[in-house]
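S.K.: One structure, pasted below without further comment.
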Amino acid sequence: MSGKVSGNAGMEQLILIMNKLQEACASSGTAHKFDLPQIAVVGSQSAGKSSVLENFVGKDFLPRGSGIVTRRPLVLQLINFHTEYAEFGHIRGKRFTNFDEVRQEIENETDRVTGKNKGISNVPIMLRVYSPQVLNLTLVDLPGLTKVAVGDQPQDIELLIRAMILEFVSKDNCLILAVTPANSDLANSDALKIAKEVDPSGTRTIGVITKLDLMDQGTDARDVLENRLLPLRRGYIGVVNRSQKDIEGKKDIVAAMAAERKFFLSHPAYRHMAERMGTSYLQRCLNQQLTNHIRETLPALRTALQSKLLDMEGDYRMYRNFDPNDPTIKTKAMMTMINQFTEEFTQAIEGSGEVNTKELSGGAKINRIFHERFMYLLHKTESDERELRKEISYAIRNIHGIRTGLFTPDMAFETIVKQQIARMKEPTLKCVDMVVEELINVVHHCTEKMSSYPRLREATESIVTNRIREQEGKTKSQLMLLVDIQLAYMNTNHEDFIGFAKLFSGRRENERHGITFLQNGADSLPDQFGKIDWEEKKVSFSC
Ligand code: GDP
Ligand code: MG
């Protein structure tokens, strides 16, 4: 086994920092996944994976039995601490001091996601064990490789478990603890096969040989343990775990470890290397190897973290040397985000900042609403010319009643024009709706950068949207007021009506069949009077 085994307080802190990071990543969901250094335990079913982990903790706490017991990955963080207790990621704050309850909770939590009938899931259970017995280590217990589906397991269970294991072990930052029982052929070891697939040069694989006590009389694993049979860069460590009988008889782990030590010291094939065998050596080795591994992977991890940090929080970068939980730092970071939001919102409307080349957005879209969509809606409201003439004719005749009038009454004009003006209300309101919709889109887009603070994002969106809605109400009533003002009084002295005035003062020309009017000045009538092509027409109404 390469690597000196020694305690190094400074480096040990690294594992604790990694644990914190791991927890932060797990709680923030998939968005910020980093490949944090960890050790995954792989091997076939009943190879002794869970037994190895339990020995590290010195407690019985993992569900065990025949068949597939480990059905979800268990991320086990061991933390050296003066008191002993366990805590689950899914029930923060609840301290378990009774390890039977820990086992029960693992079982319950496994069933909760996978169902009771032996289903599997790749959603990990997070468990922290604080204890004076343990060295700082993060291990992942994985379901054993199995071939035959039982219970609710799908027929392709073998592939599913393989995929789940690969998900962990194919990451460069994962050390592979390949567990193989000594009483099976090493050349056929599932653990070593899968390790070889993802780590062909063998730089991240550590071999563990269990069940040395169960080997046939006269055979031993000396060649393997001396790293001669199937050499691994990090070598092999032999262990003797408790047998099923020991477990049922509630054999104490401390006694089991003493028996293990005695086994190695007294065995003629292993005696010479007894110091490099056994659970406690394995534990120290792993601690050292994980520490070294973290140190090696740190530069790449640091780069990945920093670029993510830049992505996520922009200006928040300048606070990275401070404690991120410090409330004043958090407040500053949030303020920065709010300022950034304001800036981006303004830019989206004004048109500077990031340029979208795929579609119109923000200010440009609003511009289109005003100049194209609104115009289109206005045109749609115009009645066609014939319709308008008919309306005018009826208006004039209805106003004259039984009499046949000499002059075209003002009232007819007013009634028609008022109708036309009133028709502007609907497209105007619609225009406001469209602008509001686009503004809300812009708000939503600009708050995306706050997604690392979901509550801040929600609050910002709701405050700004409410404000927009308030203004929407005010704008609409203001616009309706403008239209009402136009409707309330028609100023026929306005220059737009000069043609009209002329018509009444200068041209009272009776025609035999009707009154000709609007001949000269009509093209200067306000647009609201319908877009009749007055130019070439003489509009005559018979009286
Ligand atoms: P896993 O499926 O790989 O997690 O395997 P377990 O740790 O649950 O072990 C399966 C069975 O093998 C249990 O009954 C253990 O008691 C037994 N076992 C594991 N390691 C050893 C060992 O070194 N010696 C003996 N005699 N039995 C062992
Ligand atoms: Mg297991």
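The values are calculated or read from the model by the stated rules, or taken from the named source; none is laboratory data. Since the structure is predicted, the reported quantities are computational estimates derived from the model, not experimental observations. Please note: Cβ atoms are built from the backbone with ideal geometry, for glycine as well, and neighbour counts cover all protein chains shown.
S.K.: If only one of 451, 462 is surrounded by fewer than 17 Cβ atoms within 10 Å (Cβ to Cβ), among the polar types (S, T, N, Q) and closer than 21 Å to residue 332 by Cβ, which one is it?
M.R.: Exactly one of 451, 462 is surrounded by fewer than 17 Cβ atoms within 10 Å (Cβ to Cβ), among the polar types (S, T, N, Q) and closer than 21 Å to residue 332 by Cβ, namely 451.
S.K.: From (1) modelled with pLDDT under 75; (2) under 35 Å from the mean Cα position of the chain (by Cα), pick out the condition that doesn't hold for residue 70.
M.R.: (1)
S.K.: Step by step: first the residues of the stretch 67-90, then only those that are of a type in the set (A, V, I, L, M, F, W, C) and more than 9 Å from ligand 2 (Cβ to nearest atom), then the one that is farthest from residue 105 (Cα to Cα). Which residue is that? Even if it seems obvious, please write down each step before you answer.
M.R.: Residues of the stretch 67-90 of a type in the set (A, V, I, L, M, F, W, C): 68-69, 74-76, 78-79, 81, 86, 88.
Filter again for more than 9 Å from ligand 2 (Cβ to nearest atom), leaving 75-76, 78-79, 81, 86, 88.
Working: 75: 14, 76: 14, 78: 18, 79: 20, 81: 22, 86: 11, 88: 9 Å.
Step by step, filter the stretch 67-90, then rank; the result is 81.
S.K.: Among the residues of the stretch 46-66, are any buried (at least 18 other Cβ atoms within 10 Å of the Cβ), at pLDDT below 75, within 16 Å of ligand 2 (Cβ to nearest atom) and farther than 30 Å from residue 306 by Cβ?
M.R.: no
S.K.: Could you figure out which of (1) within 29 Å of residue 18 (Cβ to Cβ); (2) away from ligand 2 (no atom under 16 Å from the Cβ); (3) over 35 Å from the mean Cα position of the chain (by Cα) isn't true of residue 136?
M.R.: Just one mismatch for residue 136, condition (3).
S.K.: Something else: Can you name the number of the only condition in (1) under 20 Å from residue 174 (Cα atoms); (2) within 9 Å of ligand 1 (Cβ to nearest atom); (3) at pLDDT below 70 that residue 22 fails?
M.R.: (2)
S.K.: When the residues of the stretch 150-167 are narrowed to those that are of a type in the set (A, V, I, L, M, F, W, C) and not in a loop (DSSP other than H, G, I, E, B), which ends up modelled with the lowest pLDDT?
M.R.: Taking the candidates together, the pick is 157.
S.K.: Sticking with this structure for a sec: Which of the residues spanning the stretch 238-253 are among the aliphatic types (A, V, I, L, M) and touching a Gly at 6+ places or on another chain (Cβ under 7 Å)?
M.R.: Correct list: 239, 253.
S.K.: What pairs come out if I take residues in the stretch 241-254 that are closer than 15 Å to residue 49 by Cα and pair them with residues that are more than 15 Å from ligand 2 (Cβ to nearest atom) and of a type outside the set (Lys, Arg) whose C-beta lies under 6 Å away, six or more apart or interchain?
M.R.: Matching pairs, first to second residue: 242/256.
S.K.: With the requirement that a residue be buried (at least 18 other Cβ atoms within 10 Å of the Cβ), at pLDDT 90 or above and assigned to a helix (DSSP H, G or I), what does the stretch 274-292 give you?
M.R.: To start, the set of residues in the stretch 274-292 that are buried (at least 18 other Cβ atoms within 10 Å of the Cβ) comprises 276-279, 281-283, 285-292.
Filter once more, so that each one left must be at pLDDT 90 or above: 276-279, 281-282.
276, 279, 281, 282 - these are the residues of the stretch 274-292 that are buried (at least 18 other Cβ atoms within 10 Å of the Cβ), at pLDDT 90 or above and assigned to a helix (DSSP H, G or I).
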